[in-house]
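The values are calculated or read from the model by the stated rules, or taken from the named source; none is laboratory data. Small disclaimer: the values here were computed from a predicted structure and weren't measured. Note that we place each Cβ from the backbone using ideal geometry, even for glycine, and neighbour counts take in every protein chain shown. What goes into the accessible areas is simple: the full protein's heavy atoms, side chains included, and nothing from ligands, DNA or RNA. Shrake-Rupley method; radii C 1.70, N 1.55, O 1.52, S 1.80 Å.
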Amino acid sequence: MKALVKSSATARPVFWGRLVFLLFVLFVAGCTTPQDASAIRDIRERGALRVGTSGDYCPMSYRDPVSGKFWGYDIAVAEDLARELGVGLEFVPTTWPTLMQDTLERKFDLALSGITVTPAREKQALMTQGYLENGKTVLCRAQDAEKYTSLAAINRPEVRVMENPGGLNEKFVRKNLPLATLLIHPVNEEIPDLIATGRADVMITEVMEAVYYSSRDSRLAAPLLAAPFSRGQIGALLPPGSEALRDYVNAFLRKERKRGRLEELERFYLQGEATPGETVTVLRLKGTWFEMGRQYGDAMKKALRYVLWYSSLLATEASDRYLLPTGIPCGVEFLDRFLEGVSAGSGLTKEELVRINGVEVAYGEELMRWLGVQTAGKCSTLALFGDKTPDGRMLFGRNYDWMPSFTKLGLVLTVLQPTDSSMQFATLNYPGCFYLTTGMNSAGVFLELNAGSFASADQNPGTLHNAWSLWHVLTQAKTTDEAVRVLKSLPSRSSYVIGIADREKSVSFEWGAHSSFVLTAPASKGFLVMTNHFEQPGWTNLPIASAGGVLSSVNRLRGIQCLAEAVPSHSADVDTVKHLISVPVEEGGAYWAGTLFQVIAVPEKLEMHIRRRGYNTWATFSFRQ
C-alpha cells in the first residue's frame, strides 16, 4: 500500500523552506515602523493593489488602444503579486516623463513597467532588487544592420535617432550621441514602425524591446544584442516610506524565481512565444480535458467577463444553431468535460458561457434585423503548392471575415495538449468561442471553415453543428485524406466550405446539408481558392453568391484566382501569401473592412502566421517551440 504522506526526504525541504520564508516575513514586520507596515495593510483593506504602468513598452507593458487592457511581462508579475496578496488589481496609467512625480505623489502603490534600477531613482524613491537583466542597444532597419554597429557609427548628424520623451533612452542619447539628430516621438510603440518605414534611422532601446520587435518584423534588426552599450536590471519603483512593501515584493520575487515562474514569463514574453494579448493571446494548456478547461477559464477570466458584458449590449441571444443549448451537451464528449472545466476555472455559469460562445452569431443576427441585409461571413482562402512553391510544399492562407467592429473582442490561440490519446492541436478564435473555425494539429493538418450559405440555405435540423464536428478532425486526422474521411462520416447541419491542408495536399470540402463534394487541384496548377459558394460542376448556387459587387463570393474567388495565376513558378513563400491575401477587394483581392484576422499555415514547419486587423506585424506560432 502506498504511503499517504510524503517521505521525509521530500517533506523536510518543503517544511524548512516555508519556515524560513515565514521567519523572514516576521523579521521584516518586526523591523518596520507602524506607518511603514501600514502600506500592506492599506492594500488589503482597500482590496486592490494599485500598479502604475506606462502601457507603451512591449513586451513589458502594453495597453491596447481599443479595449484599454494591459499585457506584458510586468503586467503578469503584477497579476501574480496581487494574487499573492489576496487582493484585486488596479492599473494606474503613467508616462515616462511623469513616472517619478506620480510615484512621489503616491498615485499607486508601486510601478511595474520595465523600469531600470538606477542610483538616481533610488535617491528619490525606493526600488526593489532587480529581477530581469537589461541593457541599452540599437534597433534599426534590417538593411542597415551592418552600418550601426557602434556608438561612433550612430553619433553622426545624418543619423536620425528617435526616442519617446522623458525616459532613460532619451537621456542615454543626449549623453552618448550628442552629434546625432534626435527626434522625439510621444508614442513609444509607434517608433519601430516609423524606423521600418524610413521616418527615422535608429532607436536606442532596451535589449528586450529590441528582441521583441526585430523577431516579429522582418524589416527591423537588432545587430548588437550580444554586446549592448550598457547593462542593468529591471525592478519595481515604490514611493519613499514603503520599505515593508518593498521587502515583501523582494521576498515574493525570490520565491517566484525559485519556483521557475519568472523563467516561464521570460520564455513566454521575451523569447518569441507571445504577442500582445490584444493582437493574439497564446494559451498553452496541458492535462485532462477538464483540467485544460479549468486552466483556460482561470487564464481568460477577465477576457470572458468582458465578452459577457459585450453580449449584454445585444438585444437578444443567438439562435442555438451555432452554440451550446443551455444545459444540453454539445455532442462531443471531451468538449463537454472541457467546458465544465472552463466554468470551474472562470466562475461563470454554463448559461453565461453559452451567451459568450454565441456572441458572434448574435451580433450578426441583430444586425440583420436592424439593417434587413444578409450578414453571412465572407471568408476567403488561398492554397499555394506544387509548381508555385520552390519545394512543392504547402502554403495555406485564409482571411476570416465578419463585422468590422467585432475585432474589439480580441483573439486567442489556444494550444491543447491532452494527456489522453489525442494529439496536440491549436484553435484560433475570440475569447470564449469554442466552436472551431480555424485550427491546426501537431501532425500538420490545418483546417478552416468558410460559411457556405451562398451555396444553399438547406438545413439538417437535429444534427450536431458543423463547427463542433471539426473538433473530431483535429483530434484524429494525420493527413488531408484522413480529414476528408472523418468529415464524410459526420452529418452536416448546413452548408459550409471546409479548407483542409497537410504538407503536400489541400482540398476544398464542400459540405452541404445533404451532400458533399471534394475539390482539389493538380500540382501543375499549384493553387486552390475557396470563398463562400460551391464550385462543384453542375451545382446551382444562390443568387447572393454573385451579388454584392466586389464583395460577392464569386468575384472574390475569381479575383484571387487571377492573383494566384500570376505568381511565377517555384517562387511563392510566406511573404507571397501575406501579400496576396491582403490585396483589397477593390484591387481584385479579398481583403476588406470585415477581415478580422488572417492566418497562413505552413504544415511542413508546423507553423501558423497570424495577423489581427489593426496590427502591422504578424505573430508566428510553431508546435516546435
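Quick notes
- For region 135-278, alpha-carbon Rg over 2.2 N^0.38 Å: 1.17
- Accessible surface of region 571-625, 1.4 Å probe, proportion on carbon and sulfur as whole %: 47 percent
- When nucleic acids and ligands are ignored and a 1.4 Å probe is applied, residue 611 ends up with an accessible area of around 40 Å².
- For region 518-624, pairs of C-alpha atoms spaced more than 17 angstrom apart make up 61 percent of the total.
- Cross-link pairs beyond the 22 Å C-alpha cut-off, checked among 136/175; 505/525; 107/301; 302/350; 478/505: 107/301
- Per-residue SASA remark: residue 505, around 80 Å² accessible (1.4 Å probe; ligands, DNA and RNA not included).
- For region 418-463, convex hull of alpha carbons as volume per residue, Å³: 139 Å³
- Cα gyration tensor shape for region 378-500, rounded if a/c is under 1.5, else prolate or oblate: rounded
- Cα centroid separation - region 532-555 against region 77-103, whole Å: 53 Å
- Of 573, 391, the residue with the largest accessible area leads and the full order is 391, 573 (1.4 Å probe).
- Region 81-184: C-alpha gyration tensor shape, a/c 1.5 cut-off, then a/b vs b/c: prolate
- Sorting 161-170, 220-229 by their mean Cβ neighbour count within 10 Å, with the most densely packed peptide first, gives 161-170, 220-229.
- Here the accessible area is traced with a 1.4 Å probe on the protein chains. For region 414-499, carbon and sulfur cover 48 percent of it.
- Two-site label geometry, residue 190 and residue 570: point separation in nm, points 7 Å out along Cα→Cβ: 4.6 nm
- Pairwise label distance in nanometres, residue 393 with residue 227, each label 7 Å out on the Cα-Cβ vector: 3.4 nm
- Total formal charge among the other residues, if their Cβ is under 11 angstrom from that of residue 106, Lys/Arg +1 and Asp/Glu -1: -2
- In Hz, Karplus ³J(HN,Hα) per residue of region 96-111 (6.51, -1.76, 1.60; θ = phi - 60°; x = Gly, Pro): 5, x, 9, 4, 5, 5, 4, 5, 5, 7, 6, 6, 8, 6, 7, 10
- Theoretical gain in end-to-end length, residue 622 to residue 558 [0.36 nm per residue, Cα-Cα removed]: 19.9 nm
- Accessible surface ranking that places the most exposed of 485, 305 first, with a 1.4 angstrom probe: 485, 305
- Three-way shape call for region 429-545 based on the alpha-carbon gyration tensor, with the a/c threshold at 1.5: oblate
- Nonlocal amide H pairs with residue 288, under 5 Å, H built at 1.01 Å: 419
- For region 178-201 versus region 420-457, the inter-centroid distance based on Cα atoms is 40 Å.
- P(r) weight above 17 Å for region 497-562, C-alpha pairs, percent: 45 percent
- Assuming charge only on the beta carbon of Lys and Arg (+1) and of Asp and Glu (-1), the dipole of region 446-534 about its Cα centre is about 100 debye to the nearest 20.
- Label-to-label distance for residue 457 and residue 267 is 5.3 nm, based on points extended 7 Å past Cα in the beta-carbon direction.
- Packing-based ranking, highest mean first, of 112-118, 46-52 given that Cβ atoms within 10 Å are counted: 112-118, 46-52
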